[in-house]
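*Asks:* Quick one: the structure is below, questions incoming.
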Ligand SMILES: *Cc1c(COP(=O)(O)O)cnc(C)c1O
């Protein structure tokens, strides 16, 4: 077996230990005589799996009791509609900070149902920074404020959480969930597509403060109402059973290595190693202002499209895959989520140094 270092932005690497455990349990889970894929979601065995997944997520992320954890489908993209449908009051007013394509899509969707004001945007500089935000920029009368905590395509992140007073803050944490400590109490809603840092594609997590549940606008489809899922333990209909099972394995793995603080240390090491190299390179450079650099997605360029293409080709052949930048921005991007080992980043930096010498 020859596994590559996979720098994909999502779906992305899962810890090898998790894949091996899933393999060992695939045909027969425990004493159940069946695969998790074949199980009734109403069975005792499956209830224990989803309960464990929720318990572990609550413990690892330190989620208070007055928040519901919902296991949903439809991707983070469905949350772009579920957020306004569930959080708009009669005023239907929300504030959006546009820091990339995902944030922009979220704002556009909310604008279909109400007044989704753009408070600030970094589009003027290809989303290479996070706008400076102060409390007075937000409408104190808005139903919520929406931010995208880590901008997967452009490689920026919020280092500080903006102050929004009594207005609930909503955070898209698709590409940073479980990567660093996060104060859940600062948010009304957190949501994430699981395929970046938590599970295979098909599962979406929403962490919703209880007082924000039960007030959906009247056109909200039953399946888009948080209350539907909160009242039914994420089992109103069939949940993405196998994805939730793998998420449970990922959370067990994370707990076994020391939880969020331990993985944060490792993530800092990996990101610093790569940024240090970029800052000292005569060929490569990062594209994001240093103070807003993501720990998860590291975009970089040579400044020469042909050389970028050559790098992508040669790195792929050497076993570093999916380093091509997003189709909208070009260049390269290394996504270094929790499952990417330090050795993977070390090997990438060595490879980049070699490429730099050969192409000087
Ligand atoms: C990938 C991503 C999305 C879209 O997720 P889907 O699950 O594919 O809908 C939204 N927001 C961010 C920040 C992402 O990284």
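*Asks:* State which residue pairs qualify: first residue under 19 Å from residue 188 (Cα atoms) and inside segment 91-119, second residue assigned to a helix (DSSP H, G or I) and more than 16 Å from the ligand (Cβ to nearest atom) in any location, beta carbons under 6 Å apart, and separation of 6 or more residues or different chains.
*Replies:* Short answer, once both residue conditions are applied: 119/137.
*Asks:* May I ask you to verify whether residue 263 is assigned by TED's automatic domain parsing to the domain that holds residue 348, part of a helix (DSSP H, G or I) and closer than 30 Å to residue 210 by Cβ?
*Replies:* Numbers: assigned by TED's automatic domain parsing to the domain that holds residue 348: yes; part of a helix (DSSP H, G or I): yes; closer than 30 Å to residue 210 by Cβ: yes.
In short, yes.
*Asks:* Out of all the residues in segment 179-189, is one or more touching a strand residue (DSSP E or B) at 6+ places or on another chain (Cβ under 7 Å), within 16 Å of the ligand (Cβ to nearest atom) and in the same structural domain as residue 51 (by TED's automatic domain parsing)? Give the derivation first.
*Replies:* Just the residues of segment 179-189 that are touching a strand residue (DSSP E or B) at 6+ places or on another chain (Cβ under 7 Å), to begin with: 184, 186-189.
Subsequent filtering for residues that are within 16 Å of the ligand (Cβ to nearest atom) retains 187, 189.
Filter once more, keeping what is in the same structural domain as residue 51 (by TED's automatic domain parsing): 187, 189.
Checked segment 179-189: at least one residue is touching a strand residue (DSSP E or B) at 6+ places or on another chain (Cβ under 7 Å), within 16 Å of the ligand (Cβ to nearest atom) and in the same structural domain as residue 51 (by TED's automatic domain parsing).
*Asks:* Still on this structure, I have one more. Just one of 147, 153 is assigned to a loop (DSSP other than H, G, I, E, B), under 24 Å from the mean Cα position of the chain (by Cα) and within 16 Å of the ligand (Cβ to nearest atom); which is it?
*Replies:* Values: 147 fails: assigned to a loop (DSSP other than H, G, I, E, B).
The conditions single out 153.
*Asks:* I've got another one for you. Of the residues that sit in segment 160-176 and are assigned to a loop (DSSP other than H, G, I, E, B), in contact with a helix residue (DSSP H, G or I) (Cβ under 8 Å, 6 or more places away or on another chain) and within 16 Å of the ligand (Cβ to nearest atom), which one is nearest to residue 227 (Cα to Cα)?
*Replies:* Going through the qualifying residues, I end up with 174.
*Asks:* Looking only at segment 63-84, filter to residues that are surrounded by fewer than 24 Cβ atoms within 10 Å (Cβ to Cβ) and more than 24 Å from residue 200 (Cβ to Cβ); which one of those is farthest from the ligand (Cβ to nearest atom)?
*Replies:* Of everything passing the filter in segment 63-84, 65 is farthest from the ligand (Cβ to nearest atom).
*Asks:* Given the conditions (1) out of contact with any helix residue (DSSP H, G or I) (no Cβ under 9 Å at 6 or more places or on another chain); (2) away from the ligand (no atom under 16 Å from the Cβ), which single one is not true for residue 101?
*Replies:* Residue 101 satisfies all of (1) out of contact with any helix residue (DSSP H, G or I) (no Cβ under 9 Å at 6 or more places or on another chain); (2) away from the ligand (no atom under 16 Å from the Cβ) except (2).
The values are calculated or read from the model by the stated rules, or taken from the named source; none is laboratory data. Note that the structure is predicted; figures quoted are calculated from it, not measured. We place every Cβ from the backbone using ideal geometry, glycine too, and count neighbours over all the protein chains shown.
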